[in-house]
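Taken together, the values in this text are just the output of simple stated rules run on the coordinates, not laboratory data. Because the structure is predicted, anything quoted here is derived from the model rather than measured. Every residue, glycine among them, receives a Cβ derived from its backbone with ideal geometry; neighbour counts consider all protein chains shown.
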Amino acid sequence: MAHLDSSPLTDAQQARRQRVIDAAMDLAAEGGYEAVQMRDVAARAGVAMGTVYRYFSSKDHILAAAMIYWTEVLYLQLDKHPPRGVTPADRVLDVLDRALRALNRVPKLGAALFMSINSADPAGIEAQQSVTKMLDAIVLRSIGDHPPVDEENRSRMIGHIWYSAMVGWVNGWSSIERVYKELEIAVDLLLPSS
């Protein structure tokens with residue numbers, strides 16, 4: 001995700017920007033969406049308020065960047081821990097289950113990240129598009145060899161169902177187990193073993 005100043009970031013600037021993201025994630029993990037205040041993020045990251053605003057226009061912008069970061073980490077974890085399972089459906093469910101368990105370990109953070117990409121903030125909209133692309137990449141990589149002809153459409157539908165089910169979890173009217181069950185149904189329908 002681009003920062004507000006369009007010039008490229010130096011290594012030191014990138015490190016400061018990441019400290020801001022990490023600080024926001026820590027605050028969200030502790031107290032949820034409402035706990036992420038720009039002043040507190042700056043203090044936790046050890047940077048000036050001007051530095052925070054150089055990279056991010058709002059807390060939704062920071063949390064949206066954190067959601068992108070979280071999704072990128074999930075993708076990179078596939079190198080260390082490849083998807084397990086015999087069928088494409090098994091492998092996709094394995095990876096989605098890992099993601100759900102990770103979010104469920106820090107539910108306040110998970111809810112805050114999803115709230116940020118649902119905001120009307122343009123950075124949230126941009127983040128939603130980036131997260132969708134990363135989720136597609138994760139699902140497509142998990143499908144592996146011999147994918148269905150229209151794998152991109154199927155992957156996108158799985159992403160939509162994941163997103164919709166997560167909205168239910170964030171809003172408290174669905175459990176993480178129910179999210180998994182909805183994903184399991186979707187994956188079985190979209191990636192049949194035969």
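A convex hull fitted around the alpha carbon atoms of the stretch 1-101 yields 119 Å³ per residue. Once C-alpha pairs closer than 8 Å and six or more residues apart are averaged by separation and normalised to the residue number of the chain, the relative contact order reads 23 percent. Label sites at TYR69 and GLN14, each approximated as a point 7 angstrom past Cα along Cα to Cβ, lie 1.4 nm apart. Evaluated at q = 0.11, 0.17, 0.22 Å⁻¹, the base-10 log of the normalised Debye intensity for the stretch 84-194, with identical point scatterers placed on the Cα atoms, takes the values -0.34, -0.80, -1.25.
Among HIS160, HIS146, HIS61, a tally of other beta-carbon atoms within 10 Å of each Cβ gives an order, fewest to most, of HIS146, HIS160, HIS61.
Averaging over all projection directions, the Cα-based convex hull of the chain occupies 11.4 nm² in the image plane.
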